[in-house]
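Participant: This structure is in structure tokens; I'll ask about it shortly.
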Amino acid sequence: TRQLVRRLALSQTFRQSGEADPAGAQQDPANRLLHHYPTRRLEAEAIRDSLLAVSGRLDTRLYGRPINPARSAEDAKKRLFSGPLDGDGRRSLYLEMSIMQPPEFLVGFNLPDLKLPTGKRDETNVPAQALTMLNDPFVNAMAAYWADRLIETRCSDAGDRIGDMFVSALGREPSDAELTRWKTAVREFADDGNDLMTDREAWTAIAHALFNTKEFLYYR
């Protein structure tokens, strides 16, 4: 019975907002009673899978052989081979793990050391993670893939498309102020000689910017 009550409590907390109620914060400042769900960053695998899912590249099939992660160099003697940049769209669960060289993208977001038993993952917030989201070829490829998919979908208004992107990436509609800022941004990214709604570089930049928002990386 105690375990069941604990599961229900955890489930209820998970569904709560990350914003602390003033009364709750006063009576339970340390959140020991779980009056709100603390903001947390997604795990490494969840970040990668979210990039695949939002871009539309995710392969939801179950089971199958493991996929080699993308590597800058191969070493046949160590059986370290490079796979496709996006892992064929497969979830991180299917990435092959090697003690000698685990997937670099996942390592950057606190993938546990494969040589050691780990009861709880570290949660760091370091500049290298921001640089990874800005420059990693996988992130850039997913932004371009998302942009291509958006352009293929008929839409005549930049605001409507940005609203759809917000829902896909952040699970909510943009506010009026946000919509104004992002519409301005896409116009600034666009080439004056191209049609705004089919400008691949502009929409890739918008997709990439959304991937780099804190709200995309953190669950609240």
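The values are calculated or read from the model by the stated rules, or taken from the named source; none is laboratory data. None of the values given here were measured: they were computed from a predicted structure. Reconstructed Cβ throughout: ideal geometry from the backbone, glycine too, with neighbour counts over all protein chains shown. The accessibility values were calculated without ligands, DNA or RNA, using every heavy atom of the protein model including side chains. Shrake-Rupley method; radii C 1.70, N 1.55, O 1.52, S 1.80 Å.
Participant: If you go through the range 181-196 one residue at a time, how many are open to solvent by 60 Å² or more (accessible area, probe 1.4 Å) and out of contact with any helix residue (DSSP H, G or I) (no Cβ under 9 Å at 6 or more places or on another chain)?
Facilitator: So the answer is 4.
Participant: Same structure, new question: Looking only at the range 153-175, which residues are among the β-branched types (Val, Ile, Thr) and either in contact with a Cys (Cβ under 8 Å, 6 or more places away or on another chain) or open to solvent by 70 Å² or more (accessible area, probe 1.4 Å) (or both)?
Facilitator: Once the filter is applied, which keeps residues that are among the β-branched types (Val, Ile, Thr) and either in contact with a Cys (Cβ under 8 Å, 6 or more places away or on another chain) or open to solvent by 70 Å² or more (accessible area, probe 1.4 Å) (or both), the range 153-175 yields only 153.
Participant: Taking the options 210, 217, name whichever one is surrounded by 17 or more Cβ atoms within 10 Å (Cβ to Cβ) and in contact with a strand residue (DSSP E or B) (Cβ under 7 Å, 6 or more places away or on another chain).
Facilitator: 217
Participant: State whether one or more residues within the range 136-147 are modelled with pLDDT of 90 or more, hydrophobic (A, V, I, L, M, F, W, C) and open to solvent by 80 Å² or more (accessible area, probe 1.4 Å).
Facilitator: No: the range 136-147 contains no residue that is modelled with pLDDT of 90 or more, hydrophobic (A, V, I, L, M, F, W, C) and open to solvent by 80 Å² or more (accessible area, probe 1.4 Å).
Participant: Between a first residue in the range 51-77 that is closer than 30 Å to residue 215 by Cβ and β-branched (Val, Ile, Thr) and a second residue that is open to solvent by less than 80 Å² (accessible area, probe 1.4 Å) and assigned to a loop (DSSP other than H, G, I, E, B), which pairs have beta carbons less than 7 Å apart while being 6 or more apart in sequence or on different chains?
Facilitator: So the pair list comes out as 67/83; 67/96.
Participant: Consider residue 77 against the criteria (1) under 29 Å from residue 166 (Cβ atoms); (2) assigned to a helix (DSSP H, G or I); (3) not small (Gly, Ala, Ser): it satisfies all of them except one. Which criterion is unmet?
Facilitator: Failed condition: (1).
Participant: Any chance the range 100-111 includes a residue that's surrounded by 11 or more Cβ atoms within 10 Å (Cβ to Cβ), at pLDDT below 95 and small (Gly, Ala, Ser)?
Facilitator: Yes, that holds for at least one residue.
Participant: Condition (residue is at pLDDT 85 or above, charged (D, E, K, R) and over 30 Å from residue 162 (Cα atoms)) applied to the range 88-97: is it met by at least one residue?
Facilitator: yes
Participant: Take residue 32 and decide whether it is touching a residue at least 24 places away in the same chain (Cβ under 8 Å) and among the basic types (Lys, Arg).
Facilitator: No, not satisfied.
Participant: Can you list residue pairs whose Cβ atoms sit under 6 Å apart, with the first residue in the range 192-212 being closer than 17 Å to residue 178 by Cβ and the second being open to solvent by 50 Å² or more (accessible area, probe 1.4 Å) and part of a helix (DSSP H, G or I)? Count only pairs 6 or more apart in sequence or on different chains.
Facilitator: These pairs meet every condition: 205/189.
Participant: Then there's this: Quickly run through the range 46-76 and pick out the residues that are β-branched (Val, Ile, Thr) and open to solvent by less than 40 Å² (accessible area, probe 1.4 Å).
Facilitator: Answer for the range 46-76, where residues must be β-branched (Val, Ile, Thr) and open to solvent by less than 40 Å² (accessible area, probe 1.4 Å): 47, 54, 67.
Participant: Given the range 83-186, what helices (runs of 4 or more DSSP H) lie entirely inside it while holding 2 or more residues that are without any contact (Cβ under 8 Å) to a residue 40 or more places away in the chain?
Facilitator: So the answer is 127-135, 158-170.
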